[in-house]
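Let me begin by presenting the structure, written as structure tokens, before commenting on it.
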Amino acid sequence: MSNILATMGLSRFIENPKTNFSQLGKSLLIPLIGLLIFLFIWEIGAKNVHTSLGTFPGPAAVYQQSLTLIEEHKAERIKEVKFYERQDVRNEKKLAKNPDAKIKVRPYTGKPTFFDQIITSLITVLAGFVIASLIAIPAGILIGLNSTLYSAFNPLIQLFKPVSPLAWLPLVTMIVSAVYVSKDPMFAKSFITSLITVSLCSLWPTLLNTAVGVSSISKDLQNVSQVLRLNWFTHIVKIVLPSAIPMMFTGLRLSLGIAWMVLIAAEMLAQNPGLGKFVWDEFQNGSSNSLGRIMVAVLVIGFIGFLLDRCMLFLQRKMSWDKTVVLR
Amino acid sequence: MSQPPQHLELTKVDIDFPTPNGPFKALQDINLTINKGEFVSLIGHSGCGKSTVLNIVAGLYQATNGGCLLDGKEVNAPGPERAVVFQNHSLLPWLTAYENVELAVKQVFGKSKSKAEMREWIEHNLSLVHMDHAMDKRPDEISGGMKQRVGIARALAMEPTVMLMDEPFGALDALTRAHLQDSLMEIQKDLNNTVIMITHDVDEAVLLSDRIVMMTNGPAATVGEILHIDLPRPRDRIALADDPQYNHYRHEVLTFLYEKQRTPDSGLSSKKKDEATLKVATDEHKPKAKGEDKAA
């Protein structure tokens with residue numbers, strides 16, 4: 001619990017709850033008022049927007065839709081359980097008739113629910129982020145250590161950094177279709193496509209920040225390393241990496257944020273299962289509930305993005321040696 | 001014909017630093033011989049190149065002309081036999097005091113000492129500087145004086161032939177400084193290291209040194225005068241405060257710094273300063289500014 005509060009930036013209230021009670025009231029009250037004003041404006045504004053799919057959903061309608069989405073998810077799970085039960089019964093009957101009969105266990109292929117889509121999105125974004133980091137951190141260290149390499153790669157980095165995922169996507173799709181050919185693919189093509197797109201777009205902040213962190217090691221510490229005659233590897237592990245960690249984490253947090261944003265766009269276009277596809281399907285579906293369901297997705301996307309950033313902040317606090325710096 | 005090699009010898013050292021306006025001659029014709037176990041202080045105004053001399057001995061800078069010999073071998077790269085105590089401690093902030101010393105010990109004795117021996121050696125050196133009680137604290141958890149102690153322990157733990165100290169106590173308050181000076185004198189008496197120390201502090205120089213090397217102002221700074229301090233050891237700061245001989249030495253150094261060498265004004269940035277720096281100027285007595293800025 002205290003960890004959660006700490007990550008939410010409320011740690012100071014745990015330490016001394018009594019004296020800070022009024023402060024707690026203030027710091028909870030003010031955001032609450034802000035939220036209420038937002039809900040009020042949303043409600044009023046939504047009533048006055050009439051689309052071809054009906055009136056724009058207000059907070060109440062969106063809340064209703066979120067309940068529906070939970071219901072749908074539960075119903076789908078029950079259907080799945082029943083499917084497997086039926087299959088088991090069928091297989092048992094078959095075996096009773098003929099013990100040598102070949103038994104087929106088919107996986108359930110129902111429609112993925114909203115929550116399945118969330119899981120898929122999270123898996124995709126984390127996989128893409130990990131791949132991007134595995135490339136960006138070592139590359140950043142190399143570029144940061146060597147000014148020749150830095151001058152060689154800097155123009156390329158500056159060129160590719162601002163490219164939108166939407167521009168990469170068609171190219172990545174075509175390349176994946178051409179190269180990733182397998183009879184029994186471990187991953188779906190659409191998954192690979194969004195994965196690569198996410199990685200391509202999210203590796204730049206980590207790369208640049210790591211490079212800057214590595215190249216700005218204090219001269220004093222470099223002198224220490226020289227006087228001690230540390231070899232290359234020890235120099236990297238004991239001096240370079242620890243002193244670059246704060247910058248590296250700044251980059252990683254930016255990268256994860258970008259990865260999450262890029263993912264939604266990539267899923268929409270690549271038709272990879274996930275929240276992006278959910279939004280796109282609802283848009284194409286065009287029922288009177290669609291706008292409300294999309295709004296639920298928007299809020300969930302925002303909330304997950306927030307949680308991802310807090311997770312990184314938590315990690316950063318754990319890894320950071322400089323406890324005097326206030327991380328936020 | 002063949003002389004026995006001196007312990008530490010700087011011969012005709014010049015150094016030029018490249019600048020956009022052409023090379024800047026920081027040091028010119030530095031000649032200095034230091035005996036084993038000697039404590040030598042370098043003193044001079046800010047920017048006169050004291051740190052540059054130290055860095056040449058450390059091997060962090062290469063002399064443009066001339067060079068440095070340690071026990072007959074040319075110094076051309078940094079190494080643990082010439083341990084440096086840096087001005088601002090330069091401890092690795094992510095390691096504890098123990099781990100900071102350990103990094104140095106592993107590097108020097110990693111092959112010759114067993115793990116238990118290394119542990120004992122690290123603890124021994126930390127207790128020499130009275131830091132054995134805070135071994136597991138990180139630099140941001142201890143005071144400036146304590147950090148500098150750990151820095152000294154790290155240098156001592158390398159068993160250096162020459163210990164190089166770049167204004168080791170410059171950033172400390174007067175009481176802490178006095179305390180550390182006493183510790184340093186004790187340690188040096190026991191270990192008999194050769195020490196080269198840069199300082200801005202006249203009292204510190206006279207109290208600690210066997211010889212004080214006074215440097216002229218830069219650019220093209222060189223050794224101005226060398227003063228032998230013939231005071232018996234162990235030296236006691238309170239007894240010495242009234243000692244006429246001690247005060248005479250202080251006076252000598254002060255005269256050199258404030259009369260023979262005027263405080264460098266804007267001269268630092270001018271490309272070439274003529275011999276005017278050597279002329280005796282009596283009209284300007286500036287009070288001594290301690291640790292005014294980080295030299296050279």
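Convex hull volume of the C-alpha atoms in chain A, normalised per residue: 238 Å³.
Distance between the modelled labels on A:SER320 and A:LEU142, one decimal in nanometres: 3.0 nm (7 Å Cα→Cβ projection). Counting only Cα atoms, the size of the range A:107-254 along its three principal axes is 65, 30, 27 Å, in decreasing order. Can you compute the label reach from A:LYS161? Point 7 Å from Cα along the Cβ direction, backbone N cut-off under 19 Å, restricted to the range A:116-151. Flagged as within label range: A:132-151. Charge tally around A:LYS277: other residues with Cβ under 12 Å, Lys/Arg +1 each, Asp/Glu -1 each, net -3.
Here the alpha carbons of chain B define both size measures, Rg and Dmax, at 19.4, 62 Å.
Fully extending the segment from A:GLN222 to A:ALA178 would add 11.1 nm, taking 0.36 nm per residue of separation and subtracting the current Cα-Cα distance.
Only one residue of B:ILE226, B:LEU70, B:THR194 has its Cα farthest out toward the positive end of the dipole of chain B, where Lys and Arg carry +1 and Asp and Glu -1 on Cβ, and that residue is B:LEU70.
GNM remark for chain A: springs join alpha carbons under 10 Å apart, and the peak mean-square fluctuation among A:LEU254, A:LEU166, A:LEU291 falls on A:LEU166.
Approximating the spin labels as points 7 Å out from Cα along Cα→Cβ, the B:ASN76-to-A:LEU32 distance works out to 7.5 nm. Calculation over all alpha carbon pairs of the range A:78-182 in 10 angstrom steps from 0 returns a P(r) of 11, 20, 24, 17, 13, 9, 6, 1 percent. Can you give me the relative contact order of chain A as a percent, contacts being Cα pairs under 8 Å and 6 or more apart? It comes to 21 percent, rounded to a whole number.
What does the extension gain come out to for A:LYS102 and A:THR234, with contour length at 0.36 nm per residue minus their alpha carbon separation? Fully extending the segment from A:LYS102 to A:THR234 adds 41.6 nm. Counted over the protein assembly as shown with a bin width of 20 Å, the fraction of Cα pairs per bin, in whole percents, is 15, 34, 26, 18, 7, 1. With a 10 Å cut-off between alpha carbons and a GNM built on chain A, which of A:LYS111, A:LYS189, A:LYS277 moves the most? Residue with maximal mean-square fluctuation among A:LYS111, A:LYS189, A:LYS277: A:LYS111.
For chain B, set up a Gaussian network in which alpha carbons nearer than 10 Å are linked by springs, and say which option among B:THR11, B:THR161, B:THR216 fluctuates the most. Top of the fluctuation ranking is B:THR11. Only bridges whose two residues both fall in the protein assembly as shown count here: according to DSSP, what percent of them are antiparallel, nearest 5? Antiparallel: roughly 60 percent of the beta bridges in the protein assembly as shown.
All of the numbers you see were taken from the coordinates with simple rules; none came from a lab. Worth saying up front: this structure is predicted, and the values here are computed from it rather than measured. Don't worry about glycine lacking a Cβ; one is built from the backbone with ideal geometry, like all the others, and counts go over all protein chains shown.
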